[in-house]
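The values are calculated or read from the model by the stated rules, or taken from the named source; none is laboratory data. Since the structure is predicted, the reported quantities are computational estimates derived from the model, not experimental observations. Every residue, glycine among them, receives a Cβ derived from its backbone with ideal geometry; neighbour counts consider all protein chains shown. Accessible surface areas use protein heavy atoms only, side chains included; no ligands, DNA or RNA. Shrake-Rupley method; radii C 1.70, N 1.55, O 1.52, S 1.80 Å.
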Amino acid sequence: MCGILLNIGHETIHEAHPALEIISHRGPDGFGVENFDVDGLKIAIGHRRLSIIDLSESGRQPMSTASGNIWIIFNGEIYNYKELRKELEPDGFQFKSSSDTEVILASYEKWGAKCLDKLNGMFAFCIYDKKNSTIFMARDRFGIKPLYYLNTRHGFRAASEIKQFLSAPRFTPEINKTKLYHFLNSGDFNFDNESLWRNILEIEPGHCAEIDLKSWRPGDNIKITKWYEPPFFDDKLNISFDDAVSEFNRLLQDSVRLRLRSDVPVGFLLSGGLDSSTLVGLAHLVPEERNEKLKTYSSCYENSKIDERKFIDEMINFAKAEYCLHFPKPQDVVDNIANVIWHNDIPVLHGSPTVHWLLYQRIKQENDSRKVIIEGQGGDEIACGYGDFHWAALNEQLHNSPIKFLKQFFSFQKQHHEPLKIIARKLFRMNFPSAVKYPPNPLLKAVELVGSSIPEIAIRREEGDVRSLHRNRFRILRYILHNVDRNSMAHSREARTPFLDYRLVEFCLKLPSELKISDGYSKKILRKAAEKVIPAKIAKRTDKQGYSSPVAQWAKSGLRDFFRKNLAKFADLPFVNGKLAQGQFEKYLAGKANFDPVIWRIITTGIWIEKFGFR
């Protein structure tokens, strides 16, 4: 896990260059730079290292093949590097390190771009092929690791974090105003390859890019290719529930086994939910990959409906794990929100990323040697853990089998007791999705956009089937993974997500929906697979808590002055109706209105603009 920099232009990059220094948190254990001259262009590759696998100097980057013809800078982990190494050695490949980085080099040398299909892991890397005068860049299947680029006639730069572009020649930070309005109005960060920063683009998940330096110059288009697409709409597997549970168990256990591979100790985030608890439970089954006693880290709250200590304690006692309970306070949000936004490079959508950031801060403050942290992201997306999967599954049955629909409907109602009018409205929206759109929020205005035109309003997608909902949820997952990467790396910790092993993802996406969600229960296959490794109290939970924060609750107490001060301070932001926003907040305090999340988005956007000095 590290930070990378590729620079093509007329600038020589040194080890103390601002674009590397500004991400020192991503790699406090080492750094390196290599510069090359190619037909009047300077090619520079730089690296900040967080040592996880092969802690010796042999794992130092930039790294080259023995011939010196192929160079790499790499951020992430290749979990199956040992298996790939065994596959490559009979072909004559010799390795001077025990790192996964060198395995990528050998894989690229043997298979070229096709090596991506071989890699099981999270990665963003840039490869410079001196002999063929080419650049190859790639990002992992689901976008766990970031890769951005800026391409102008003054130079090309690719990097791990957007703030690395602040030192690029003639670069001035500007807001992508259309995308900012879209975010403020809808809370949606899905901009395809664009970002909230004008001219800063993102290599999307499952994509790679190539540059032929023999004919290309900065500012010219680069060739971008989609190398991976999740099988959202492949044919469903014909498999029994028992066989599906067996295969799910095998894949998840192997995923956990691979993600416990590390030359430093590993810890676990534990929320008390099904996903994180299952990962802690499965860790007991692979003791050969782990020398340290299990340790978990959890966010807890006094006198809060979202406190989950009764489940956290249950799992800690069951696993006989060491633990750290962190109790964030409203003042922690006030003191750290600007740092959270600086590390994320974008406004934070709600309070959860801040609490997540604070937990990683606590892990670092513990002076703990555990540099690797296992997290449960992806479990809801692959096993139908969100509430809207219930509605999509019911709608499928309504169309496919009215008898099955009635059976599932009554099972659902037994667990959830939804009012009939809500059920009718949900089913209507799923069958007529164009009838419901995000209306312009009255707290916002769009007249400041170019041409004074209101941008296209995003349709609120009420997916009518489970497959389409899977795809939509993976789009939302991109933002969650953004937070996971930035919040963990802000404190020099590597986060790993076993539920996003591509083999497990592909298996779950191909399963019939009734094996994942039925009888009123979400994540049916995971509950069955985990029943021997977690307490029954957790396995049978039906309340979906998620990784929540009490920011809205605190807004009436410890954060009241924070909200008032910042709503007044940012009343004149682009698109903001300041007086209306302040009035809406006062109505919320008086109990006359619900908390409008746009208020939080206004404040974090204001801090973002202020922190990065946007024009």
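Could you give every pair whose Cβ atoms fall below 8 Å, whose first residue belongs to segment 153-177 and is in contact (Cβ under 8 Å) with a residue 24 or more places away in the chain and of a type in the set (Asp, Glu), and whose second residue is crowded, with 16+ Cβ neighbours inside 10 Å and part of a helix (DSSP H, G or I), counting only separations of at least 6 or pairs across chains?
Hits for this filter: 161/26; 161/486.
Tell me, please, whether a residue that is within 18 Å of residue 350 (Cβ to Cβ) and not aliphatic (A, V, I, L, M) can be found in segment 536-544.
In the first step, residues of segment 536-544 are kept if they are within 18 Å of residue 350 (Cβ to Cβ); the result is 544.
Checking the rest, the ones that are also not aliphatic (A, V, I, L, M) come to 544.
Yes, because at least one residue in segment 536-544 is within 18 Å of residue 350 (Cβ to Cβ) and not aliphatic (A, V, I, L, M).
Could you grab the pairs with beta carbons closer than 7 Å, sequence gap of 6+ or different chains, first residue in segment 54-70 and outside any loop (DSSP other than H, G, I, E, B), second one of a type in the set (A, V, I, L, M, F, W, C) and open to solvent by 70 Å² or more (accessible area, probe 1.4 Å)?
Sorted first by the residue in segment 54-70, then by its partner, the list stays empty.
Restricting to segment 98-142, what's the tally of residues that are open to solvent by 20 Å² or more (accessible area, probe 1.4 Å), among the basic types (Lys, Arg) and under 27 Å from the mean Cα position of the chain (by Cα)?
Final tally of qualifying residues: 2.
Check whether at least one residue in segment 224-247 is more than 18 Å from residue 144 (Cα to Cα), open to solvent by less than 60 Å² (accessible area, probe 1.4 Å), touching a His at 6+ places or on another chain (Cβ under 6 Å) and in contact (Cβ under 8 Å) with a residue 12 or more places away in the chain, and report yes or no.
Yes: segment 224-247 contains one or more residues that are more than 18 Å from residue 144 (Cα to Cα), open to solvent by less than 60 Å² (accessible area, probe 1.4 Å), touching a His at 6+ places or on another chain (Cβ under 6 Å) and in contact (Cβ under 8 Å) with a residue 12 or more places away in the chain.
Return the only residue of 128, 148, 108 being farther than 28 Å from residue 373 by Cβ, modelled with pLDDT of 95 or more, of a type outside the set (A, V, I, L, M) and touching a helix residue (DSSP H, G or I) at 6+ places or on another chain (Cβ under 6 Å). Give the derivation first.
Working: 128 fails: touching a helix residue (DSSP H, G or I) at 6+ places or on another chain (Cβ under 6 Å); 148 fails: farther than 28 Å from residue 373 by Cβ.
Matching residue, one of 128, 148, 108: 108.
Can residue 347 be described as over 26 Å from residue 27 (Cβ atoms), of a type outside the set (A, V, I, L, M, F, W, C) and open to solvent by less than 40 Å² (accessible area, probe 1.4 Å)? Quick ask: steps written out before the conclusion?
Details: over 26 Å from residue 27 (Cβ atoms): no; of a type outside the set (A, V, I, L, M, F, W, C): yes; open to solvent by less than 40 Å² (accessible area, probe 1.4 Å): yes.
So residue 347 does not fit the description; no.
Would you check if there is a residue in segment 507-529 being surrounded by fewer than 19 Cβ atoms within 10 Å (Cβ to Cβ) and within 21 Å of the chain's Cα centre (by Cα)?
Checked segment 507-529: no residue is surrounded by fewer than 19 Cβ atoms within 10 Å (Cβ to Cβ) and within 21 Å of the chain's Cα centre (by Cα).
Counting just the residues of segment 145-196 that are open to solvent by less than 30 Å² (accessible area, probe 1.4 Å), of a type in the set (Lys, Arg) and not in a helix (DSSP H, G or I), which one comes out farthest from residue 3 (Cα to Cα)?
Here the answer is 157.
Among the residues that make up segment 360-378, is at least one of them assigned to a loop (DSSP other than H, G, I, E, B), touching a helix residue (DSSP H, G or I) at 6+ places or on another chain (Cβ under 9 Å) and over 27 Å from residue 502 (Cα atoms)? Don't jump to the end; show me each part of the working.
Of all residues in segment 360-378, those assigned to a loop (DSSP other than H, G, I, E, B) come to 366-371, 375-378.
Restricting the remaining residues to those that are touching a helix residue (DSSP H, G or I) at 6+ places or on another chain (Cβ under 9 Å) gives 370, 375-378.
With over 27 Å from residue 502 (Cα atoms) added as a condition, the list becomes none.
No, segment 360-378 contains no residue that is assigned to a loop (DSSP other than H, G, I, E, B), touching a helix residue (DSSP H, G or I) at 6+ places or on another chain (Cβ under 9 Å) and over 27 Å from residue 502 (Cα atoms).
Could you tell me whether any residue of segment 587-597 is open to solvent by 60 Å² or more (accessible area, probe 1.4 Å), under 29 Å from residue 310 (Cβ atoms) and either touching a strand residue (DSSP E or B) at 6+ places or on another chain (Cβ under 8 Å) or part of a helix (DSSP H, G or I) (or both)?
Yes, some residue in segment 587-597 is open to solvent by 60 Å² or more (accessible area, probe 1.4 Å), under 29 Å from residue 310 (Cβ atoms) and either touching a strand residue (DSSP E or B) at 6+ places or on another chain (Cβ under 8 Å) or part of a helix (DSSP H, G or I) (or both).
So, of the residues in segment 466-506 that are under 23 Å from residue 261 (Cα atoms) and of a type in the set (Phe, Trp, Tyr), which turns out to be surrounded by the fewest Cβ atoms within 10 Å (Cβ to Cβ)?
Looking at residues that are under 23 Å from residue 261 (Cα atoms) and of a type in the set (Phe, Trp, Tyr), I get 502.
Checking the condition under 17 Å from residue 328 (Cα atoms), open to solvent by 30 Å² or more (accessible area, probe 1.4 Å), in contact with a Pro (Cβ under 9 Å, 6 or more places away or on another chain) and touching a residue at least 24 places away in the same chain (Cβ under 8 Å), which residue from 557, 548 passes?
Values: 548 fails: in contact with a Pro (Cβ under 9 Å, 6 or more places away or on another chain).
That would be 557, the only listed residue that is under 17 Å from residue 328 (Cα atoms), open to solvent by 30 Å² or more (accessible area, probe 1.4 Å), in contact with a Pro (Cβ under 9 Å, 6 or more places away or on another chain) and touching a residue at least 24 places away in the same chain (Cβ under 8 Å).
Under 9 Å between Cβ atoms, which residue pairs at least 6 apart in sequence (or on different chains) link something in segment 197-215 that is at pLDDT below 95 and buried (at least 19 other Cβ atoms within 10 Å of the Cβ) with a partner that is assigned to a loop (DSSP other than H, G, I, E, B) and among the acidic types (Asp, Glu)?
none
Counting only residues that are surrounded by 18 or more Cβ atoms within 10 Å (Cβ to Cβ) and within 30 Å of residue 3 (Cβ to Cβ), how many does segment 292-341 have?
13
Okay, residues lined up against (1) more than 24 Å from residue 477 (Cα to Cα); (2) surrounded by fewer than 17 Cβ atoms within 10 Å (Cβ to Cβ); (3) in contact with a helix residue (DSSP H, G or I) (Cβ under 8 Å, 6 or more places away or on another chain):
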residue	(1), (2), (3)
564	yes, yes, yes
573	yes, no, yes
579	yes, yes, no
584	yes, no, yes
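Taking only pairs six or more apart or across chains, which ones have beta-carbon atoms under 7 Å, a first residue in segment 564-593 that is free of Cβ contacts under 8 Å to residues at least 40 places away in the same chain, and a second residue that is hydroxyl-bearing (Ser, Thr, Tyr) and buried (at least 16 other Cβ atoms within 10 Å of the Cβ)?
Pairs found: 573/605.
Determine, yes or no, whether residue 5 is of a type in the set (A, V, I, L, M), closer than 30 Å to residue 498 by Cβ, assigned to a helix (DSSP H, G or I) and at pLDDT 95 or above. If you could, list the steps in order and put the result at the bottom.
Values: of a type in the set (A, V, I, L, M): yes; closer than 30 Å to residue 498 by Cβ: yes; assigned to a helix (DSSP H, G or I): no; at pLDDT 95 or above: yes.
Considered against the rule, which asks whether it is of a type in the set (A, V, I, L, M), closer than 30 Å to residue 498 by Cβ, assigned to a helix (DSSP H, G or I) and at pLDDT 95 or above, residue 5 comes out as no.
Could you tell me whether residue 327 is farther than 18 Å from residue 294 by Cα and touching a Cys at 6+ places or on another chain (Cβ under 9 Å)? Break it down into steps so the answer makes sense when it comes.
Details: farther than 18 Å from residue 294 by Cα: yes; touching a Cys at 6+ places or on another chain (Cβ under 9 Å): yes.
In short, yes.
Among the residues in segment 273-289, are any modelled with pLDDT of 95 or more, open to solvent by 10 Å² or more (accessible area, probe 1.4 Å) and of a type outside the set (Gly, Ala, Ser)?
yes
In segment 87-97, which residues are open to solvent by 50 Å² or more (accessible area, probe 1.4 Å) and in contact with a helix residue (DSSP H, G or I) (Cβ under 7 Å, 6 or more places away or on another chain)?
Just the residues of segment 87-97 that are open to solvent by 50 Å² or more (accessible area, probe 1.4 Å), to begin with: 87, 89-92, 94, 96.
Those that are open to solvent by 50 Å² or more (accessible area, probe 1.4 Å) and in contact with a helix residue (DSSP H, G or I) (Cβ under 7 Å, 6 or more places away or on another chain): 91, 96.
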